[in-house]
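Student: The structure that follows is given in the form of structure tokens.
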Amino acid sequence: MEMTEIHNCRNARVEKFATPEEPFHFTDSGLPNVYLVGIKYFDCECGSVVAEIPAIKQLMQLIARDIVSSPRDLTGEELRFLRKRLGKKATEYSKYLGFTAETLSRVENGKQAFSIQAQKLARLSYCAFSEDPHLVECAKMILQSILEEIKNRKKSRIVLEMDANREWREFKAA
Ligand SMILES: [Zn+2]
């Protein structure tokens, strides 16, 4: 992967250690908000900051788990991250969400919002296709919340009935 590549410019570089106070901003993750602690990184005179990141597969898996199991709204960047982790092309992946490839591209680029339902489908399809055993429980919870939504949609109906005295009353199923 690109991010483990050794930075070979000839400028001087300063070795640093990423701490909770001064973490390494992991921008190569494709996400704007991922920080790493407990690794060495180099501040180069050319302006670039490079880290040699070990166990990158496990790291990316943990980031994906966090995104999938979080109750926050999914961002376009996170959606792209999940798609890339699954190794899916946009044309194929868009079908899982009921999008066209063009819509998926706009959503991933943050130019279009996407519904809670599409967010749930994205999370659920990651659980299904990643085959990460840690996400089985998460998949069940997402399914449960989809089922509850369907139930609540029915409940939100207001049904009124004309009674024998020609007055309206709340309809109660027998
Ligand atoms: Zn450099």
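The values are calculated or read from the model by the stated rules, or taken from the named source; none is laboratory data. On a predicted model such as this, the values are computed, not experimentally measured, just so you know. Cβ atoms come from the backbone with ideal geometry, glycine included; neighbour counts cover every protein chain shown.
Student: Count, please, the residues in the stretch 83-99 that happen to be within 16 Å of I116 (Cα to Cα) and assigned to a helix (DSSP H, G or I).
Tutor: Matching residues across the stretch 83-99 total 2.
Student: Of everything in the stretch 25-40, what is farther than 20 Å from R65 by Cβ and surrounded by 15 or more Cβ atoms within 10 Å (Cβ to Cβ)? Give them in sequence order.
Tutor: H25
Student: Then there's this: Examine the stretch 115-132 for a residue that is in contact with a helix residue (DSSP H, G or I) (Cβ under 9 Å, 6 or more places away or on another chain), assigned to a loop (DSSP other than H, G, I, E, B) and either aromatic (F, W, Y) or surrounded by 11 or more Cβ atoms within 10 Å (Cβ to Cβ) (or both), and state whether such a residue exists.
Tutor: yes
Student: Another one. Somewhere in the stretch 83-100, is a residue out of contact with any Phe, Trp or Tyr (no Cβ under 8 Å at 6 or more places or on another chain) and touching a residue at least 40 places away in the same chain (Cβ under 8 Å)?
Tutor: yes
Student: Confirm whether L104 is within 17 Å of F129 (Cα to Cα), at pLDDT 95 or above and not charged (D, E, K, R).
Tutor: It is false that L104 is within 17 Å of F129 (Cα to Cα), at pLDDT 95 or above and not charged (D, E, K, R).
Student: For H7, are the conditions met, namely being over 23 Å from E131 (Cα atoms) and within 14 Å of the ligand (Cβ to nearest atom)?
Tutor: yes
Student: Can you pull out every residue in the stretch 33-50 that is within 16 Å of the ligand (Cβ to nearest atom) and of a type in the set (S, T, N, Q)?
Tutor: Answer for the stretch 33-50, where residues must be within 16 Å of the ligand (Cβ to nearest atom) and of a type in the set (S, T, N, Q): just S48.
The rows are residues; the columns are (1) of a type outside the set (D, E, K, R); (2) farther than 22 Å from I67 by Cβ; (3) within 15 Å of the chain's Cα centre (by Cα); (4) modelled with pLDDT of 90 or more.
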{"residue": "C127", "(1), (2), (3), (4)": "yes, no, yes, yes"}
{"residue": "A139", "(1), (2), (3), (4)": "yes, no, yes, yes"}
{"residue": "R153", "(1), (2), (3), (4)": "no, yes, no, no"}
{"residue": "A173", "(1), (2), (3), (4)": "yes, yes, no, no"}
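Student: Name the residue that is nearest to G87 (Cα to Cα), counting only residues in the stretch 31-73 that are touching a residue at least 24 places away in the same chain (Cβ under 8 Å) and among the small types (G, A, S).
Tutor: Of everything passing the filter in the stretch 31-73, A64 is nearest to G87 (Cα to Cα).
Student: Which of (1) over 22 Å from C127 (Cβ atoms); (2) assigned to a loop (DSSP other than H, G, I, E, B) is the odd one out, the single condition D43 does not satisfy?
Tutor: So the condition that D43 fails would be (2).
Student: Across the stretch 50-82, which residue is farthest from V14 (Cα to Cα) among those that are assigned to a helix (DSSP H, G or I) and among the small types (G, A, S)?
Tutor: S69
Student: Just a yes or no: is a residue in the stretch 11-32 farther than 25 Å from S115 by Cβ, within 14 Å of the ligand (Cβ to nearest atom), outside the structural domain of P133 (by TED's automatic domain parsing) and in a loop (DSSP other than H, G, I, E, B)?
Tutor: Looking through the stretch 11-32, at least one residue is farther than 25 Å from S115 by Cβ, within 14 Å of the ligand (Cβ to nearest atom), outside the structural domain of P133 (by TED's automatic domain parsing) and in a loop (DSSP other than H, G, I, E, B).
Student: Restricting the search to the stretch 72-100, which residues are of a type in the set (S, T, N, Q) and either touching a Gly at 6+ places or on another chain (Cβ under 8 Å) or crowded, with 16+ Cβ neighbours inside 10 Å (or both)?
Tutor: The answer is T75, S94.
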